[in-house]
Amino acid sequence: MSAELVYEKRHGHSARLALSPALVLKADDQAHAARTMWNLLHAWWQMMPKDKRTLANADAAIRQARKDIDFLAALPAQAAQAVLKTYAQAWKNCWDGRADAPNFKGRLRTVMSVDIPQGRDLNITRVHRRWGMVNIPKIGRVRFHWTKNLPVGKHANAENRITGARLVKDALGWHIAFRVQTLEATPGPHTGPEVGIDAGVNIPLALSDGNHQDHCLPAKTADGTADRDKWLNPNEKAKLLRLEQRAARRKQYRKPGEHTSNRLHRTYDQIAELRAKAKRRALDWQHKTTSEIAAKYSVIVVEDLNITNMVKSAKGTDEEPGKNVAQKSGLNRSISQEAWGRTVTMLTYKTARHGGTVHKVPAPGTSQRCSMCGFTTPGSRESQAVFVCKNPDCGWSGNADHNAGRNILHLYRMGLALIPAAGRAVARRARRVKPATAR
């Protein structure tokens, strides 16, 4: 059967912008104006009667606000319309049960971002191998790092084009994320093997065939504790330690209720920059590893983990205090750093692009069961890394994570795969719908 062509929208083409200090201030003003526009729109929505909450009335309110409040003029008119569209979609997601109700956006806890809804306004050109130029409304022509080929110039057409972009600011500065619409072939059935994956801390991804994926970095420090800064090189770790000590010293001299000094703010920004650099390296490893796995295997089986419960604190209450609180806290940090949920999300959409599937199986018992004889005997899990079957007729020993990966694949082959999350949501909505009564 010939492959069908489908349109696919992707949000993965992100590049760092090279902005001068003056242009950074302009981008910041746009982001603050967009956040203020959201808050004004939310206040208007709460005050208006239900019969007056229409897109036409909201659009008129936005236009009037841009006339009455001067600093809102820093935000382009199309970006203001994008705020309205995003706000309406937020309520739709809430009504469909996919998210909570939208709320006010705080200045400090909100990611600074500006939407550019129309791709024709960008006018992207490639300067040379490493740099490109993009036009940002009310900012001007800006250079950005060219890291991936984009459908621009003679390569752009109705089927492959850039439909818009979004400016996002993090600790490393301003970035632009291009929305690219491409026409791609529907993948055929994947012919690769099946594999079970056990997500862990010492071995991030342990595969049932023994092809484990590791960070190739020390997971622990010299004293045996978990290394929370393993993605930084020794010089960066030393710099981070100096900055944290400097911040602690400067914080001692701040009186209660006194504003944070500019020097302390600068130290916090340098710490956040190093943390963001480590996070980007971890995300890069995650993308490359999941792409390799998705291209190789046709069926990927993972555990259905409740990560929220796994990272709960063990401190307990005053009446019933917890045990081994410090050890549990370190384990929680290690689990959060591995981002198991994001790994499953990446595997899901990347495997679908290759024609494969991702399935989840129940997690209980996968670490205690022997993958060779199938028996679960007490004490077989001798340590975090070693599994030795206590069954006298078996006695198999091996890596504990490898054993869990084989058990995960065995559960799928036994037909114990769970319904995907999307399917469960559809089933719940179907159960809530009451049948129409006959008249």
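Table: residues versus (1) surrounded by 14 or more Cβ atoms within 10 Å (Cβ to Cβ); (2) of a type outside the set (S, T, N, Q); (3) closer than 21 Å to residue 171 by Cβ.
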residue	(1), (2), (3)
252	no, no, no
270	yes, no, yes
273	yes, yes, yes
277	yes, yes, yes
283	yes, yes, yes
294	yes, yes, no
302	yes, yes, no
306	no, no, no
325	no, yes, no
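Among the residues of segment 52-104 satisfying the criterion of being outside any helix (DSSP H, G or I) and crowded, with 16+ Cβ neighbours inside 10 Å, which is nearest to the chain's Cα centre (by Cα)? Once the filter is applied, the top-ranked residue is 102.
Only residues that are at pLDDT below 85 and crowded, with 18+ Cβ neighbours inside 10 Å were counted in segment 185-200, giving 1. Please indicate, with yes or no, whether at least one residue in segment 39-51 is in contact with a Pro (Cβ under 6 Å, 6 or more places away or on another chain), among the hydrophobic types (A, V, I, L, M, F, W, C) and either more than 30 Å from residue 143 (Cβ to Cβ) or not in a loop (DSSP other than H, G, I, E, B) (or both). Checked segment 39-51: no residue is in contact with a Pro (Cβ under 6 Å, 6 or more places away or on another chain), among the hydrophobic types (A, V, I, L, M, F, W, C) and either more than 30 Å from residue 143 (Cβ to Cβ) or not in a loop (DSSP other than H, G, I, E, B) (or both). Candidates are the residues of segment 12-34 that are within 25 Å of the chain's Cα centre (by Cα) and buried (at least 20 other Cβ atoms within 10 Å of the Cβ); the one that is nearest to residue 162 (Cα to Cα) is 15. Just to be sure before I move on: is residue 131 surrounded by fewer than 17 Cβ atoms within 10 Å (Cβ to Cβ), over 24 Å from the mean Cα position of the chain (by Cα) and at pLDDT 90 or above in the structure I sent? Yes, satisfied. Taking the criterion of being surrounded by fewer than 17 Cβ atoms within 10 Å (Cβ to Cβ) and under 15 Å from the mean Cα position of the chain (by Cα), the residues of segment 336-360 that qualify are 336, 341, 342, 345, 349.
Quick check on segment 122-130. Is at least one of its residues assigned to a strand (DSSP E or B) and either free of Cβ contacts under 8 Å to residues at least 12 places away in the same chain or over 23 Å from residue 53 (Cβ atoms) (or both)?
yes
Confirm whether residue 179 is in contact with an Asp or Glu (Cβ under 6 Å, 6 or more places away or on another chain) and of a type outside the set (Asp, Glu).
When the stated conditions are applied, residue 179 does not pass them.
When the residues of segment 399-419 are filtered to those that are out of contact with any strand residue (DSSP E or B) (no Cβ under 6 Å at 6 or more places or on another chain) and either part of a helix (DSSP H, G or I) or more than 14 Å from residue 365 (Cβ to Cβ) (or both), which remaining residue is modelled with the lowest pLDDT?
Step by step, filter segment 399-419, then rank; the result is 419.
Of the helices (runs of 4 or more DSSP H) that lie entirely inside segment 268-380, those containing 1 or more residues that are among the small types (Gly, Ala, Ser) span 325-338, 340-353.
The values are calculated or read from the model by the stated rules, or taken from the named source; none is laboratory data. On a predicted model such as this, the values are computed, not experimentally measured, just so you know. Heads up, the Cβs are rebuilt from the backbone with ideal geometry, glycines too, and the neighbour counts pull from every protein chain shown.
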